[in-house]
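The values are calculated or read from the model by the stated rules, or taken from the named source; none is laboratory data. Everything numeric in this text was worked out from a predicted model, so none of it was measured. With ideal geometry, Cβ positions are generated from the backbone for all residues, glycine too; neighbour counts draw on all protein chains shown.
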Amino acid sequence: MELSLDLLRSFVAIVDCNSFTRAAEQLFRTQAAISQQIKKLEEQVGKPLLIRDKRSIRPTAEGESLLAYARQILHLEEEALSALTAPEITGRIRLGIPDDFAPRFLPGIMARFVRAYPQVQLEIHCDETAGLRRLLQKDEVDLAICTSVPNPEDGLLLRKEEVVWISSQRHRVHQENPVPLALFGPPCVIYEWATTALHKAQRAYRLLFRSASGAGIYSAALAGLAVTVACRNTVPEQMRILGEEDGFPTLPRLSQLLLRGPGSENEAGEALAQVIVDGFRQRRAGAPAVVPPIPVSRPIAW
């Protein structure tokens, strides 16, 4: 018996996306084709691999075991392709990213880049958007993932993100009056949106905690001391999302941009930019997938 890479890739995509439809979109196949692949894989191993109900798709015990092996096999395939096809790029590239994005976005994207281009020295700088823009202007970072108001004109749009109010699941701080807030300080656009929205909704608030650190703001919220605001995809599991029924008005969407400085105009900068764009494109499809890196010979249209 041979385990097809295509079957394993579909299996992993379904689990990661929690959806046959999104997995099919991500892999550029029809939903019927994906379903047939899973049926064939289950026939090969002689065991059911997925449990499906109205709300979720999750692996069986045997599926969990196969999932671990499948991820390893697909990662090895990616490394092999990268080693054989990636150009020999050297140099140094410096990336700036907001620290509240780092835990969610850095591991997959950066691991893929380092595996594909091991000769490139990669440096990571975490800061809020205003600080990252200053670092770009001072030529202290080469690329930066930043947030901006919708329809930006100064960078490459990666994704538009929903902004939500959040608080600790174990506390009722969102019911306090005035409601205590933990926010990035101005000139942060989310700070302006949050305070303006509460003012228009005639919801009293007090600024309890202000910081340039996403970790510090989340810590205050997790401790039940304050309500804060975040992009939906960066909300920690221990947080609850608050809506209009809780007295918190809807906020605008935020654009996530890739900005570049002069130091990125080389092969290393183009390679990292391509990996970032590709990683965000995969997330828009549902979840990260294991695919070989896009060759640098296909440059991004900035």
Discussion item. What's the total number of residues in the range 20-44 that are touching a strand residue (DSSP E or B) at 6+ places or on another chain (Cβ under 9 Å) and of a type in the set (Lys, Arg)?
Written reply: 0
Response to the item:
Given the conditions (1) surrounded by 14 or more Cβ atoms within 10 Å (Cβ to Cβ); (2) more than 20 Å from Arg281 (Cβ to Cβ), every one holds for Glu2 apart from (1)
Discussion item. Given the options Ser10, Ser65, name the one that is in contact with a Pro (Cβ under 9 Å, 6 or more places away or on another chain), modelled with pLDDT of 80 or more and either at negative phi or not in a loop (DSSP other than H, G, I, E, B) (or both).
Written reply: Ser65
Worksheet item: So which residues in the range 165-175 are in a loop (DSSP other than H, G, I, E, B) and surrounded by fewer than 16 Cβ atoms within 10 Å (Cβ to Cβ)?
Response: Gln169, Arg170, Arg172
Practice prompt. Go through the range 231-250 and give me each residue that's in contact with a helix residue (DSSP H, G or I) (Cβ under 8 Å, 6 or more places away or on another chain) and among the aliphatic types (A, V, I, L, M).
Written response: Met239, Ile241, Leu242
Practice prompt. Would you check which residues across the range 1-50 are among the charged types (D, E, K, R) and under 16 Å from Arg71 (Cβ atoms) and list them?
Written response: Asp6, Arg9, Asp16
Worksheet, complete the sentence: For Gln37, the lone unmet condition from (1) of a type outside the set (A, V, I, L, M, F, W, C); (2) surrounded by 14 or more Cβ atoms within 10 Å (Cβ to Cβ); (3) out of contact with any helix residue (DSSP H, G or I) (no Cβ under 6 Å at 6 or more places or on another chain) is (3)
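Would you check if Leu95 is touching a residue at least 60 places away in the same chain (Cβ under 8 Å) and under 30 Å from Ser264 (Cα atoms)?
On the way: touching a residue at least 60 places away in the same chain (Cβ under 8 Å): yes; under 30 Å from Ser264 (Cα atoms): yes.
Judged against the criteria, Leu95 is a match.
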Worksheet item: Which residues, taken from the range 40-76, are small (Gly, Ala, Ser), without any contact (Cβ under 8 Å) to a residue 24 or more places away in the chain and surrounded by 14 or more Cβ atoms within 10 Å (Cβ to Cβ)?
Response: Ser65
Worksheet item: Taking the range 99-127 on its own, how many of its residues are in contact with an Asp or Glu (Cβ under 8 Å, 6 or more places away or on another chain), more than 17 Å from Gly261 (Cα to Cα) and assigned to a loop (DSSP other than H, G, I, E, B)?
Response: 2
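Give the residues of the range 14-24 that are part of a helix (DSSP H, G or I) and in contact with a Ser or Thr (Cβ under 9 Å, 6 or more places away or on another chain), sorted by residue number.
Going through the range 14-24, the residues part of a helix (DSSP H, G or I) turn out to be 14-17, 20-24.
Residues satisfying the conditions are Phe20, Ala23, Ala24.
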